[in-house]
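J.: Below is the structure I would like to discuss, written out as structure tokens.
The values are calculated or read from the model by the stated rules, or taken from the named source; none is laboratory data. Just so it is clear, the structure is predicted and the values come from calculations on it, not from any experiment. Methodologically, a virtual Cβ is constructed for each residue, glycine included, from the backbone with ideal geometry; neighbour enumeration extends over all protein chains shown.
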Amino acid sequence: MLAARALPAALQDPVVDALGSKGASRSREKIAWKVEPFPMTQVRLLDGPFRTAMDVNQRYLHSLPNDRLLYMFRKTAGLPAPGEPFGGWEEPASELRGHLTGGHYLSASALMYASTGDEDLKKKADALVAELAKCQAAMSGGYLGAYPTEFYDRLRNYQKVWAPFYTYHKIMAGHLDMYVHCGNEQALATAEKMAGWAGNFIRPLTDDQLARIQLVEHGGMNEGLFNLYSVTGKEEYLALGRRFEHKKFFDPLAEHRDELKGLHVNTNIPKVIGAARGYELMNDARYHTIADYFWHEVVGQRTYATGGTSNGEGWRTDPGKLASELGPSAEECCTSYNMMKLTRHLYGWTADPQTMDFYERVLFNSRLGTQDPDGMLMYYQSLYPGLWKTFGTAENSMWCCTGTGIEEYSKTNDTIYFHDKNDIYVNLFIASELSWPEKKIGLRQQTHFPDEAGTTLVVRTAKPSDFAIHVRVPYWATRGVSVKVNGEPQRVDTKPSSYVALRRKWHDGDKIEVSLPMDFHIAPIPDDHSLQAMMYGPLVLAGRLGNEGLTKEMIYGKLGPSPRTAAAPVPPIHADGNDSTGWVERASDGSLAFQTVGQEKKIELAPLDRIFDEKYTVYWTVNRQANA
């Protein structure tokens with residue numbers, strides 16, 4: 001069984017990080033989660049695609065020198081700055097500089113330490129925290145940034161500026177993660193000083209002035225301040241978090257009105273995550289309504305087959321109108337990352353397996369496959385038929401989606417297992433090992449899912465123990481799920497979007513074999529059912545359209561694929577009106593390879609996450625003809 005790493009003494013009581021770890025006490029939480037995620041320190045990935053992605057990301061985090069990460073912070077603080085700056089969004093001319101090097105990078109390193117116990121990376125991140133504290137000391141009033149405070153003067157004076165509070169939130173959140181996951185007290189002190197500076201900046205502003213500057217993206221400042229309260233107990237951070245509430249955006253949601261059309265997507269999802277934290281910390285029913293309504297509206301009306309959302313970074317249409325939104329810049333990767341964060345809150349409140357159905361869909365189709373084999377990350381995952389995936393570069397991109405990407409691939413173990421007081425919930429079928437030291441039990445999940453349509457769970461326990469293991473039955477498991485315990489078939493209810501509860505006295509080495517048969521099903525665009533994506537189990541299948549005309553320059557360093565004129569032609573599909581999935585078949589060797597059948601041209605299909613360096617289509621125009 002895994003030996004769990006003990007949390008620092010300071011972390012035994014403070015609860016709370018919306019990203020993952022929960023401490024032993026929820027004393028500051030007014031709303032307890034119905035089920036809790038296991039700390040990432042108690043879950044380790046085993047060999048498989050998620051472990052591979054985490055390993056690639058880990059190497060990338062190690063490859064970025066601290067002097068380069070610090071360059072613009074030191075310059076801004078008037079300190080010696082050896083080395084040279086990064087390019088892209090971290091270059092000296094970028095007004096968003098510091099968002100990744102002082103924020104996302106610290107969060108990713110802290111999460112990676114919790115996930116792997118990588119002491120060398122922790123030391124690297126601790127050193128970065130110490131140097132950033134020197135920069136903060138050289139500035140004034142607790143401010144910390146890679147750009148001068150004059151940016152906030154422009155914000156206050158309604159002059160054009162690129163989102164200074166967005167970056168400020170990332171830097172503060174990175175320090176808070178270093179405290180929550182690594183026990184770094186200096187990082188907490190830096191975050192508190194940053195909060196003090198932010199409070200002094202907005203305190204003199206009238207509500208009208210604040211409302212005007214809130215039209216500029218300010219990230220999850222409310223969430224960050226609420227989380228700071230949860231680890232310190234200082235009420236001032238609750239009040240400050242409430243002050244950052246964007247009422248113009250929240251008020252319609254609180255009244256169940258979808259007024260999302262025309263809004264920038266990733267500007268607003270972090271605010272809703274903040275509302276979720278506000279509900280948990282203050283039992284504010286309005287915040288619950290905002291988070292719950294928003295999630296259901298976006299998931300139900302504004303997502304693609306992949307689970308992603310946005311086109312050109314915005315919601316450009318009325319609810320349910322997506323036929324016009326299959327663009328080169330649909331979908332932005334940050335939006336998927338943040339919708340997954342929000343989903344974990346709703347799941348924690350309810351233990352509703354339907355929220356995990358959505359989480360799984362996004363994880364396999366909008367996150368896995370947006371990292372190339374060298375760790376480079378995507379900005380947009382194009383849904384325009386016939387285009388291709390594009391990736392950043394190691395030193396000269398540093399986009400927002402680079403930041404959320406390095407965080408995502410540092411924590412893919414954070415949602416596999418949840419628990420209540422006695423039982424374990426298995427939500428994701430990912431090869432991994434769980435330790436629950438308080439109960440002296442654990443699980444080892446052995447699977448090659450989705451290449452294998454099932455999973456095996458082996459119980460580890462110091463002595464016979466009574467508890468239940470709840471295994472999620474996904475929405476796509478319409479052909480039923482079968483379960484064996486120690487080779488004996490079990491009589492279980494396998495309704496899709498539910499759990500199979502296996503309750504008994506477990507012994508060390510008990511084996512649970514779960515069969516999860518997959519099948520084809522379609523995911524049509526809601527306002528045009530002739531536009532369809534083909535799915536196999538949780539996987540979106542993409543048509544492979546070749547790489548003619550593609551060059552490395554077209555793939556790397558680009559936010560998204562262009563021009564549209566370079567798109568490969570996508571032939572229409574002719575389908576039997578009585579069999580919506582009959583135009584595709586699986587390879588006879590049992591691999592996840594597929595091809596069209598009964599068409600003028602045979603096209604191979606593969607899971608979207610396995611498409612690289614080639615053109616593809618997710619959506620097809622399907623002409624259905626009834627048989628005579």
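J.: Report yes if some residue within the range 486-499 is buried (at least 20 other Cβ atoms within 10 Å of the Cβ), part of a strand (DSSP E or B) and of a type outside the set (Gly, Ala, Ser); otherwise report no.
T.: Within the range 486-499, one or more residues are buried (at least 20 other Cβ atoms within 10 Å of the Cβ), part of a strand (DSSP E or B) and of a type outside the set (Gly, Ala, Ser).
J.: Are there any pairs, at least 6 apart or on different chains, whose C-beta atoms fall under 7 Å, with the first in the range 327-350 and farther than 16 Å from LEU363 by Cα and the second acidic (Asp, Glu) and part of a helix (DSSP H, G or I), and if so, which?
T.: LEU346/ASP292
J.: Same structure again: Since VAL514 meets every condition but one in (1) among the β-branched types (Val, Ile, Thr); (2) assigned to a loop (DSSP other than H, G, I, E, B); (3) crowded, with 18+ Cβ neighbours inside 10 Å, which condition does it not meet?
T.: VAL514 satisfies all of (1) among the β-branched types (Val, Ile, Thr); (2) assigned to a loop (DSSP other than H, G, I, E, B); (3) crowded, with 18+ Cβ neighbours inside 10 Å except (2).
J.: Quick one: in the range 613-626, of everything that is exposed (fewer than 15 other Cβ atoms within 10 Å of the Cβ) and not β-branched (Val, Ile, Thr), which residue is farthest from GLY543 (Cα to Cα)?
T.: ALA626
J.: Within the range 271-287, how many residues are touching a residue at least 24 places away in the same chain (Cβ under 8 Å), farther than 28 Å from LEU539 by Cβ and either crowded, with 23+ Cβ neighbours inside 10 Å or touching a helix residue (DSSP H, G or I) at 6+ places or on another chain (Cβ under 9 Å) (or both)?
T.: 11
Quick grid of which residues meet (1) assigned to a helix (DSSP H, G or I); (2) modelled with pLDDT of 95 or more:
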site	(1), (2)
GLU95	no, yes
GLY102	yes, no
SER109	yes, yes
GLY141	no, yes
HIS175	yes, yes
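J.: Which condition does LEU592 not pass, out of (1) assigned to a loop (DSSP other than H, G, I, E, B); (2) surrounded by fewer than 17 Cβ atoms within 10 Å (Cβ to Cβ), if it passes all the others?
T.: For LEU592, the failing item is (2).
J.: Right, here's the next one. Scan the range 491-512 and tell me whether some residue there is among the β-branched types (Val, Ile, Thr), under 20 Å from GLY300 (Cα atoms) and under 28 Å from the mean Cα position of the chain (by Cα).
T.: no
J.: Looking only at residues that are β-branched (Val, Ile, Thr) and part of a loop (DSSP other than H, G, I, E, B) in the range 532-574, which one is nearest to THR370 (Cα to Cα)?
T.: Top of the filtered list is THR551.
J.: Residue check, ASP17 against (1) of a type in the set (D, E, K, R); (2) surrounded by 19 or more Cβ atoms within 10 Å (Cβ to Cβ); (3) modelled with pLDDT of 95 or more; (4) part of a loop (DSSP other than H, G, I, E, B), all met but one. Which one?
T.: Unmet for ASP17, out of (1) of a type in the set (D, E, K, R); (2) surrounded by 19 or more Cβ atoms within 10 Å (Cβ to Cβ); (3) modelled with pLDDT of 95 or more; (4) part of a loop (DSSP other than H, G, I, E, B): (3).
J.: Being closer than 16 Å to PRO496 by Cβ, under 29 Å from the mean Cα position of the chain (by Cα) and of a type in the set (Lys, Arg) is the filter here, so list the residues in the range 430-484 that pass it.
T.: If the condition is that a residue be closer than 16 Å to PRO496 by Cβ, under 29 Å from the mean Cα position of the chain (by Cα) and of a type in the set (Lys, Arg), then ARG472 is the only one that fits.
J.: Okay, next question. If you take the residues of the range 115-127 that are under 17 Å from LEU188 (Cα atoms) and either of a type in the set (Asp, Glu) or surrounded by 23 or more Cβ atoms within 10 Å (Cβ to Cβ) (or both), which of them is farthest from the chain's Cα centre (by Cα)?
T.: Ranking the candidates gives ASP126 first.
J.: Can you tell me which residues in the range 80-133 are within 19 Å of ALA53 (Cα to Cα) and among the polar types (S, T, N, Q)?
T.: Of everything in the range 80-133, those that are within 19 Å of ALA53 (Cα to Cα) and among the polar types (S, T, N, Q) turn out to be SER107, SER109, SER115, THR116.
J.: Among the residues of the range 324-332, are any within 13 Å of the chain's Cα centre (by Cα) and farther than 25 Å from HIS529 by Cβ?
T.: Checked the range 324-332: at least one residue is within 13 Å of the chain's Cα centre (by Cα) and farther than 25 Å from HIS529 by Cβ.
J.: Within the range 170-185, does at least one residue satisfy the condition of being over 22 Å from SER94 (Cβ atoms), buried (at least 19 other Cβ atoms within 10 Å of the Cβ) and among the polar types (S, T, N, Q)?
T.: Yes, some residue in the range 170-185 is over 22 Å from SER94 (Cβ atoms), buried (at least 19 other Cβ atoms within 10 Å of the Cβ) and among the polar types (S, T, N, Q).
J.: So, one more: State which residue is surrounded by the fewest Cβ atoms within 10 Å (Cβ to Cβ) when the search covers only the range 307-352 and only residues that are touching a Pro at 6+ places or on another chain (Cβ under 8 Å) and closer than 25 Å to PHE418 by Cβ.
T.: GLY348
J.: Would you mind finding the one in ARG59, ARG74, ARG51, ARG68 that is surrounded by fewer than 22 Cβ atoms within 10 Å (Cβ to Cβ), under 19 Å from the mean Cα position of the chain (by Cα), part of a helix (DSSP H, G or I) and touching a residue at least 24 places away in the same chain (Cβ under 8 Å)?
T.: ARG51
J.: Quick one: which of THR309, THR317, THR370 is over 13 Å from VAL265 (Cβ atoms) and of a type in the set (Ser, Thr, Tyr)?
T.: Going through THR309, THR317, THR370 in turn, the sole match is THR370.
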